[in-house]
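Here the structure is laid out as structure tokens; the discussion comes afterwards.
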Amino acid sequence: MKKFENIRTNYNLNQLRKGNLVYSPIKQFESWFDEVTNKVNKVIDSNAMTLSTYDKQKSIQNRVVLLKEIKKDGFVFYTNYNSLKAKQIELNSAVALCFFWPAFQRQVRVNGRAVRLSQKLSNDYFQKRPRKSQIATWASEQSDIIVNRRVLELRFNSLQRRFKNKKIPTPNHWGGFKVIPDSMEFWQGRKNRLHDRFLYKRENGKWLLNRLSP
């Protein structure tokens, strides 16, 4: 049996103080995100985030999705509306997001509710996607069982022929969600596991900010 008890990092890159944080957690997120996407220190897949959803039948499910837009009131991602994640959201809109940037020893946790984007916004984004990504969206019946990969590849090739020299429409079963936060935690790794943690929580339309014990 393998043990991992000696794998650890003593975080020491930075510190976080209440005075460093701005009033809006989304503005604070944008500030951190600008740092991790900076050309000098750019983090690969910096927009990757773990999305957690829940329903009574399937219980808690986690997966990594990509953040595609930061709006003034939330975080946007896109998916197949027939996927497990979307079906769980339709049953229970309460979701959680988690960003982890090891190179910066930082983590951001978001709890809130997910709402569908308008069809227009989803269409606008779909038309900006690479053409083969658009075709893949049509080809994949996300989360369904398939016999083998060849079935998927044959479907993809068939759709390439079908849409040859044509504009590819947005599938009715595909679009965006916006996660509107009720709370956001900013975590900065510190020495000796005495991490800096600050929690923004929405109460009566205002954001309250408190330090949490590590």
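Quick look at the numbers
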quantity: Under 17 Å from the Cα of Lys201 - aspartates and glutamates, other chains or at least 8 residues apart; calculated: Asp73, Asp182, Glu185
quantity: Which of Phe75, Phe104 has the fewest Cβ neighbours within 10 Å, and the rest in rising order; calculated: Phe104, Phe75
quantity: Ordering of 50-58, 157-165, 105-113 by packing [mean C-beta count within 10 Å, highest first]; calculated: 105-113, 50-58, 157-165
quantity: Candidate lysines for bridging to Lys58, where Cα separation is under 21 Å - those fewer than 8 sequence places away on the same chain excluded; calculated: Lys85, Lys87
quantity: Value at 222 nm in deg cm²/dmol, rounded to 500, when DSSP H runs of n ≥ 4 in the chain each add -39,500 (n - 2.57); calculated: -7000 deg cm²/dmol
quantity: Percentage relative contact order, the chain, counting C-alpha pairs under 8 Å, at least six apart; calculated: 24
quantity: Residue order, fewest to most beta carbons within 10 Å, for Trp32, Trp138; calculated: Trp32, Trp138
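Computed from the coordinates by the stated procedures, all read-outs in this text should not be read as laboratory data. These numbers come from a predicted model, not from an experiment. Glycine also receives a Cβ, built like all others from the backbone with ideal geometry; neighbour counts cover every protein chain displayed.
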